[in-house]
Amino acid sequence: MTMRICFYTETALPVIGGQELAIDELARQFQRCGHEVRVLTLRDRKHQQAHDAPLGYSVTRHARYLSTRYFLNWYRSVISSVYRHFRFNILHCHNVYPAGYIATGWSAGRSIPVVLTSHGCDIAADSHLLRKRGVAERISTTVSRSDACIAISPMLAEQFRRFGAPSHRIRQITNGVDVSGLSQPIALPSDMPAWVRPGSYFLLMGRLVHRKGVDLLLHAYRRIQAHCDTGLVIAGDGEQIDLLRDLAVRIGIRERVHFSGMARGSLKTALLRNALCTVVPSRISEGSALVVLESFAAGRPVIASAVPGLVDAITPGRNGWLVPEDSDDGLAEAMLAASSDRRETDRMGGNARQEATAFDWHQIAARHLEVYRDLLSPGARTMAA
């Protein structure tokens, strides 16, 4: 059965993050399977024209929300407009709120199943949205109206239950990873600093914002730089980029820290494959850190903060290290252990690569399609009630 699938999300490429990359990969996988996909998302914050044609699937962009509390019902008309031109039979929302709230309101009385995926920024216990008056109640209403809830981590499955989703409506499907692409040997670019060599650096890859704890990593590296010959590569961009560069200079580590900018394609693969290990020092919960799976697929273990979403992915001593959250001391200790016993680090990297094979994107996409088919089978919406 060929399906028409509409993804509704507040954020999509060219913004780079775990949620955006997951949506892109699922859309591509679905189209390879012969299904039609359209992504409905918001316009760029800076009102720049997005170049969506190379993506290979249709994208519709609408005006940004005026508020995450008021006037949201107006955006149902946007979904109606898309539906008139693209008669989708599955509406899959990537986040519960506000996208899922708008979509479940639109779907009332219609025969279009609504699927919810949370990427953590909306229903996680530490979400800023939950501090807004009335939002928790709206999330509960959204969950109760949905036909299926996809949890990308055990932590988010528990949050769906907290908001009233019955267990039979929750499907736990983690994000995926390009196992074959990330497992291939690849050389580092020639324009890297001379000290950036295979096995010679720790790697942080992600958005450079406060919640990701990059400043903690810099302070941790300052503690160990005199005791190891391993450098630090920071791949990403974000609002704190200038602050972090200044911090590296101020604490005396700038010569052994390389800010590579946003890494995609072959550069991303090369950085992951050739790192000693990856570091994820997040201050707060991660829905499902895609960079952890990518590091595993590249055969590299991970040092991570023991926050919800990361503790589910990492088994200390098997595929990485867990350290106390918001602790540069803990990071420094784990980094020193990784650099001083490389045989043990490589052993954990081998374990990580084996575990990653279960998360290849084509398998993850197939599990999503199974959910959709179940919902479209005769009587499915009645049984889900």
Discussion item. Can you list residues from other chains, or at least 5 along the same chain, whose modelled amide H is less than 5 Å from the amide H of Ser305?
Written reply: Val280, Ser282, Val323
Worksheet item: Given the protein chains as shown and a 1.4 Å probe, how many square angstrom of Asp312 are accessible, to the nearest 10?
Response: 80 Å²
Discussion item. Could you identify which residue out of Met192, Met205, Met348 has the top mean-square fluctuation in a GNM of the chain using Cα springs shorter than 10 Å?
Written reply: Met192
Response to the item:
Quick calc, the chain, dipole around Cα centre from Cβ unit charges on Lys, Arg (+) and Asp, Glu (-), nearest 20 debye, gives 1220 debye
Practice prompt. Within 10 Å, count the other beta carbons around each residue, average over each peptide in 291-304, 97-110, and list them highest first.
Written response: 291-304, 97-110
Worksheet item: Excluding ligands, DNA and RNA, what is the solvent-accessible area per residue of the chain at a probe of 1.4 Å, expressed in Å²?
Response: 43 Å²
Item to complete: Assign unit charges at the C-beta atoms only (+1 for Lys and Arg, -1 for Asp and Glu), then state the dipole size of the stretch 197-337 relative to its Cα centre in Debye, rounded to the nearest 20.
Response: 420 debye
Worksheet item: Just going by the charge dipole of the stretch 192-240, with Lys and Arg at +1 and Asp and Glu at -1 on Cβ, which of Ala220, Gly236, Tyr201 is farthest out on the positive end?
Response: Ala220
Worksheet item: Per the Kirkwood treatment, what hydrodynamic radius in Å, one decimal, follows for the chain from the mean inverse distance over all distinct Cα pairs?
Response: 21.7 Å
Worksheet item: Is it possible to state the helix-based mean residue ellipticity at 222 nm for the chain, with each DSSP H run of 4+ residues giving -39500 (n - 2.57), the sum divided by total residues, to the nearest 500 deg cm²/dmol? What is it?
Response: -11000 deg cm²/dmol
Worksheet item: In the stretch 288-351, what percent of the accessible surface is made up of carbon and sulfur (1.4 Å probe, ligands and nucleic acids excluded)?
Response: 47 percent
Worksheet, complete the sentence: A student applying the Cα gyration tensor rule (rounded when a/c is under 1.5; otherwise prolate if a/b is larger than b/c, oblate if not) would label the stretch 237-356 rounded
Worksheet item: What residue among Gln363, His35, Gly261 has its Cα farthest toward the positive end of the dipole of the chain, where the charges are +1 on Lys, Arg and -1 on Asp, Glu, each on the Cβ?
Response: His35
Fill in: Residue among Leu130, Ala289, Cys277 farthest towards the positive dipole end of the chain, charges placed on Cβ
Leu130
Worksheet item: Using +1 on the beta carbon of Lys and Arg, -1 on that of Asp and Glu, and nothing else charged, what's the dipole of the stretch 73-183 about the Cα centre, debye to 20?
Response: 440 debye
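The values are calculated or read from the model by the stated rules, or taken from the named source; none is laboratory data. Quick caveat: nothing in here was measured; it's all calculated off a predicted structure. Cβ atoms come from the backbone with ideal geometry, glycine included; neighbour counts cover every protein chain shown. The area values use the complete protein model at the heavy-atom level, side chains included, leaving out ligands, DNA and RNA. Shrake-Rupley method; radii C 1.70, N 1.55, O 1.52, S 1.80 Å.
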